[in-house]
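*Asks:* Here's a structure for you.
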Amino acid sequence: MRYLLAAAGLIVAGALAFTAFAVSAQPAPDTATTAMTTPETLQARLRRLPGDYRGWAQLAMEYVDKARITGDPSYYPKAEGALATAARLSPTDDAVLTGQAALAAGRHEFASAVRLARRAIEANPYGAAAYGVLADAHTQLGDLAAAAEAVDRMMALRPGVAAYARASYAAELRGDQDGARRYMGYAAGDAYVPADLAYARFYLGELALRTGDRATAASWYAKALQAYPGFTPALAGQARVAALSGRLDEALGLYDQVVARLPLPQYLMEQGEVRIKAGKPADWTLLQAQQRLFKAAGVRDDLTFAEFEADHGSPAAAVRHARAEYARNRNLVAADALAWALFKDGRAREALPYAKKAASTGWHNPLIRYHRAAIEHALGLGPAPEPGFDTSLPALARLS
C-alpha cells in the first residue's frame, strides 16, 4: 500500500515518513491514476457495515494520507475518531494497531508510534506495514540500529518500493551514498503505480542534488513529473534547482504553484528565503498559521520552528523549540537544530556536543557539516567554514 512509502527527503527536513501519494497534489477525478478508495465511498460502506473494524482502520489511514496530500492537519482528528471506532470493535487487530501507530507518527509522537507498532507486530509478526512504521519511528527517535533491524525485517517480508525506499534512507544516514542510490534505483525498478514511480525518481533527484549535480537532479525531477504530473515534491525540486542556479524569478513562480498545492512549512520557508534573496519581503503569515493549525490538530512540530527562529527570528525561541524537540526525538536533525540554535544564541561551547552528534554517522549533509565547522571555528578549534552552499538559503541547504 502506498502509505508505506517513506519519502526520506522530507524526513530529513524534519518531517516523517510520507507516501508517494501522500505528498502529491490531489488529481482531478478523470486523471486519477491510483485505486485509492475515497473516504466518502468508504464512509458509505461503513454506514452499511458499521462493524467492519478493518474498514474503519482503512478510513483512518486515508484521512492520514489526506492530511499529507493537502497539508491540512484537521484530518488527523478525523483519523483519530475512525481509529477509536475500530479499536472499540477490535482493539488487538494488527491493522487497527498499525493505523494507530501511523497516526502517532503523523503527529510526531514517535515513542507512541514505536509502542503501537510493536503491539501490531505481536498481533501479526508477518505484517510488513507495522515494520515500516517502526523503522520510521526509530529513525526519528535517533535509534538507527533498531530502525535498520526493522527495515531488514520489512525487506524479508515484503521487498518492494516501500522497503527499498527505507533502505535507501538508512544507507544515506550512515553516509553510504552509493547504497542510497542503489536501493532507490531498486525502488524505481519495482514501482508500477505512477505515484510510486514519481516518488522514486524524485528521490533519485534529491540524492543527485545533495552531491551538487543540479543537471542530473533536474532530469530526475522532470521524469518524476512525467510519471505523475501531480507530484508536488518534484515541482518543489525544480524550484530548488532554479533557486540554487540563480534563476530566482523562475523559482518563485514554481514555489507559488507548490505552496498553492501543498503549503507544508518546509516549502513555505524555502519560498520565503528565495523571496528575500530576490529582494522581496518574505511573508511568514501562512507559515505561522500552519503552526497554529498543526498544534490544534495535536501535531508537535518544534523542529520546524527551531530551524525557522534560528535563521529568521529569535535565537532564544529557537533554543526552546529545539530543546523540546530533542527531548522527544534524539535524531540527527534535532541534534543539529539544537546545536545551531544554541550557537545563534551565543552559546557555542554548549552547542558543540550536539553538533558532533549530528555529524556522527557520516551523513553527507552540507548544512550539518557547515554548522559544526562554524561552531568549532567560534571556539578556536578549526578554520572558518566554507559552506559549499548559498548561506542565504538555509532551508534549501537542508535538502541539497
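*Asks:* Among the residues in the stretch 255-274, are any among the aliphatic types (A, V, I, L, M) and closer than 18 Å to LEU207 by Cβ?
*Replies:* No, the stretch 255-274 contains no residue that is among the aliphatic types (A, V, I, L, M) and closer than 18 Å to LEU207 by Cβ.
*Asks:* Keeping to the stretch 151-164, report how many residues are crowded, with 24+ Cβ neighbours inside 10 Å and hydrophobic (A, V, I, L, M, F, W, C).
*Replies:* Qualifying residue count for the region: 5.
*Asks:* Right, next: Looking at (1) assigned to a helix (DSSP H, G or I); (2) modelled with pLDDT under 95, find the lone condition where ALA117 falls short.
*Replies:* If we test ALA117 against (1) assigned to a helix (DSSP H, G or I); (2) modelled with pLDDT under 95, just (2) comes out false.
*Asks:* Here's another thing I want to ask about it. Any residue at all in the stretch 158-175 that's out of contact with any helix residue (DSSP H, G or I) (no Cβ under 8 Å at 6 or more places or on another chain) and over 30 Å from ARG119 (Cβ atoms)?
*Replies:* Checked the stretch 158-175: at least one residue is out of contact with any helix residue (DSSP H, G or I) (no Cβ under 8 Å at 6 or more places or on another chain) and over 30 Å from ARG119 (Cβ atoms).
*Asks:* Looking only at the stretch 295-319, how many residues end up being in contact (Cβ under 8 Å) with a residue 12 or more places away in the chain and surrounded by fewer than 16 Cβ atoms within 10 Å (Cβ to Cβ)?
*Replies:* 3
*Asks:* Only residues that are basic (Lys, Arg) and over 20 Å from the mean Cα position of the chain (by Cα): list them for the stretch 376-400, please.
*Replies:* Result: no residue meets the conditions.
*Asks:* In addition: When only residues in the stretch 46-65 that are charged (D, E, K, R) and in contact with a Leu (Cβ under 8 Å, 6 or more places away or on another chain) count, which is surrounded by the fewest Cβ atoms within 10 Å (Cβ to Cβ)?
*Replies:* Result: ASP52.
*Asks:* Please specify each residue of the stretch 279-313 satisfying the condition of being over 11 Å from MET269 (Cβ atoms) and among the aromatic types (Phe, Trp, Tyr).
*Replies:* PHE294
*Asks:* Do the conditions hold for ARG240, that is, is it within 20 Å of LEU209 (Cα to Cα), surrounded by 16 or more Cβ atoms within 10 Å (Cβ to Cβ) and of a type in the set (Lys, Arg)?
*Replies:* The answer is yes for ARG240.
*Asks:* So, in the stretch 39-60, of the ones that are of a type in the set (D, E, K, R) and farther than 23 Å from ALA105 by Cα, which residue ends up farthest from the chain's Cα centre (by Cα)?
*Replies:* ARG48
*Asks:* For the stretch 324-346, enumerate the residues that are farther than 26 Å from ALA135 by Cβ, surrounded by 16 or more Cβ atoms within 10 Å (Cβ to Cβ) and of a type outside the set (Asp, Glu).
*Replies:* TRP340, ALA341, LEU342, PHE343, LYS344
*Asks:* How many of the residues in the stretch 175-226 are assigned to a helix (DSSP H, G or I) and closer than 21 Å to ARG158 by Cβ?
*Replies:* 19
*Asks:* Can you tell me how many residues in the stretch 84-103 are hydrophobic (A, V, I, L, M, F, W, C) and surrounded by 24 or more Cβ atoms within 10 Å (Cβ to Cβ)?
*Replies:* Qualifying residue count for the region: 6.
*Asks:* Residues that are over 29 Å from ASP178 (Cα atoms) and in contact with a Phe, Trp or Tyr (Cβ under 7 Å, 6 or more places away or on another chain): does the stretch 382-399 have at least one?
*Replies:* Looking for residues that are over 29 Å from ASP178 (Cα atoms) and in contact with a Phe, Trp or Tyr (Cβ under 7 Å, 6 or more places away or on another chain), one finds none in the stretch 382-399, hence no.
*Asks:* Moving on. Looking at the stretch 352-375 only, could you name the residues that are more than 19 Å from the chain's Cα centre (by Cα), of a type outside the set (A, V, I, L, M), part of a loop (DSSP other than H, G, I, E, B) and under 18 Å from ASN329 (Cβ atoms)?
*Replies:* Across the stretch 352-375, the qualifying residues are SER360, THR361.
*Asks:* Would you confirm whether any residue within the stretch 9-24 is at pLDDT 85 or above, assigned to a loop (DSSP other than H, G, I, E, B), within 19 Å of PRO265 (Cα to Cα) and within 18 Å of the chain's Cα centre (by Cα)?
*Replies:* Within the stretch 9-24, not a single residue is at pLDDT 85 or above, assigned to a loop (DSSP other than H, G, I, E, B), within 19 Å of PRO265 (Cα to Cα) and within 18 Å of the chain's Cα centre (by Cα).
*Asks:* When you scan the stretch 218-271, how many residues do you find that are of a type in the set (Ser, Thr, Tyr), at pLDDT below 95 and over 15 Å from the mean Cα position of the chain (by Cα)?
*Replies:* 2
*Asks:* Could you look through the stretch 260-294, keep only residues that are buried (at least 21 other Cβ atoms within 10 Å of the Cβ) and of a type in the set (A, V, I, L, M, F, W, C), and pick out the one that is nearest to PRO77 (Cα to Cα)?
*Replies:* Top of the filtered list is PHE294.
*Asks:* Here is a further query. I'm checking my understanding of the structure. Among residues of the stretch 340-368 that are touching a Pro at 6+ places or on another chain (Cβ under 8 Å) and free of Cβ contacts under 8 Å to residues at least 40 places away in the same chain, which one is nearest to LEU209 (Cα to Cα)?
*Replies:* LEU367
*Asks:* Under 17 Å from LEU173 (Cα atoms), out of contact with any Gly (no Cβ under 6 Å at 6 or more places or on another chain) and not in a helix (DSSP H, G or I), is that true of SER392?
*Replies:* The answer is no for SER392.
This table checks each residue for (1) at negative phi; (2) in a helix (DSSP H, G or I); (3) surrounded by 19 or more Cβ atoms within 10 Å (Cβ to Cβ); (4) under 18 Å from the mean Cα position of the chain (by Cα).
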| residue | (1), (2), (3), (4) |
| --- | --- |
| ALA82 | yes, yes, yes, no |
| GLU122 | yes, yes, no, no |
| ALA129 | yes, yes, yes, yes |
| GLU149 | yes, yes, no, no |
| ARG166 | yes, yes, yes, yes |
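The values are calculated or read from the model by the stated rules, or taken from the named source; none is laboratory data. The model shown is predicted, which means the values in this text are computed figures rather than measured ones. Heads up, the Cβs are rebuilt from the backbone with ideal geometry, glycines too, and the neighbour counts pull from every protein chain shown.
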